[in-house]
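Let me begin by presenting the structure, written as structure tokens, before commenting on it.
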């Protein structure tokens, strides 16, 4: 299928990302570009749709954020609904299939396989690892043909809050409403750091998170960023501590917060050096 996919994109593997506001910025975008460059066979393009081009690597193709024409975005929702900007009839000057990547994921092996799976017109998503018994996808990484999700954008624009209230996450909305359905990349290609890499209690106190065999991309949802994994923090709000110090914290209600003792003990990771090996320029 790779020839069909590349024919539809003029022989070029097209990788895209999107950035708005100040949460991530140039550091994340540049590191993502560097990981793509190291893990893809040319020719390829890397396009960032952004409202701030300052400090970006000169090889990154910057384009303005696509118009969405929504008066008010949803509130009190867990979904990243600004990704709906990507679902319009046009996407800058790109045509054909594009591979979307979140800014905070880590690429650990070749991306070429993501351009070989399925057909040029398919919407292909990473599997949602937190819902193993439901057929749901992840939009941290997914491939789609430019213009193929227009109906989703139109539905969202008609009543953004109602769509968000019903589906909560934009990836559920895409999975359940893509016009011709969705396909999924093999489960082992895209892994969830907390779900697939960290060890269960009590091994989490003795062993650093592992990188499972066959992984190509590792995603970092729910408040844990690559730098946190490198430093050995369970989330951006956690503080780094030795295993013994963290265990002793189970007796300190101020440190444990609302977590049960067992949940608190599970929420510990050792510093993860392989993330640093890959998440760099």
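Values computed for the structure shown
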| read-out | value |
| --- | --- |
| Residues being over 29 Å from residue 2 (Cβ atoms) and either part of a strand (DSSP E or B) or at pLDDT below 95 (or both) - total across the range 55-66 | 1 |
| Odd one out for residue 180 among (1) within 20 Å of residue 128 (Cα to Cα); (2) outside the structural domain of residue 148 (by TED's automatic domain parsing); (3) surrounded by fewer than 16 Cβ atoms within 10 Å (Cβ to Cβ) | (2) |
| Scope the range 228-272; condition in a helix (DSSP H, G or I) and touching a residue at least 12 places away in the same chain (Cβ under 8 Å); matching residues | 229, 230, 231, 243, 246, 247, 249, 250, 262, 264, 265, 266 |
| Residue 168 surrounded by fewer than 18 Cβ atoms within 10 Å (Cβ to Cβ), more than 20 Å from the chain's Cα centre (by Cα) and assigned by TED's automatic domain parsing to the domain that holds residue 124 | no |
| Lone unmet requirement of (1) touching a strand residue (DSSP E or B) at 6+ places or on another chain (Cβ under 7 Å); (2) outside any helix (DSSP H, G or I); (3) in contact (Cβ under 8 Å) with a residue 40 or more places away in the chain for residue 275 | (2) |
| Single residue of the range 86-95 satisfying the filter (touching a strand residue (DSSP E or B) at 6+ places or on another chain (Cβ under 8 Å) and surrounded by 18 or more Cβ atoms within 10 Å (Cβ to Cβ)) that is nearest to residue 5 (Cα to Cα) | 94 |
| Condition met for residue 69 (surrounded by fewer than 16 Cβ atoms within 10 Å (Cβ to Cβ), in a helix (DSSP H, G or I), touching a residue at least 24 places away in the same chain (Cβ under 8 Å) and assigned by TED's automatic domain parsing to the domain that holds residue 150) | no |
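Condition check ((1) crowded, with 21+ Cβ neighbours inside 10 Å; (2) touching a helix residue (DSSP H, G or I) at 6+ places or on another chain (Cβ under 7 Å)) across all residues:
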site	(1), (2)
53	no, no
77	no, yes
81	yes, yes
97	yes, yes
103	no, yes
106	yes, yes
120	no, yes
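For (1) farther than 30 Å from residue 109 by Cα; (2) in contact with a helix residue (DSSP H, G or I) (Cβ under 8 Å, 6 or more places away or on another chain), each residue gets a yes or a no:
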residue	(1), (2)
250	yes, yes
258	yes, no
265	yes, yes
274	no, no
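Each row is one residue, and each column tells you yes or no for (1) over 15 Å from the mean Cα position of the chain (by Cα); (2) on the phi > 0 side of the Ramachandran plot; (3) assigned to a strand (DSSP E or B).
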residue: 53; (1), (2), (3): yes, no, no
residue: 86; (1), (2), (3): no, no, no
residue: 118; (1), (2), (3): yes, yes, no
residue: 154; (1), (2), (3): yes, no, no
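The values are calculated or read from the model by the stated rules, or taken from the named source; none is laboratory data. What you are looking at is a predicted structure, and each value in this text was computed from that prediction instead of being measured. Positions of Cβ are generated from backbone atoms using ideal geometry, with glycine treated the same way; all protein chains shown enter the neighbour counts.
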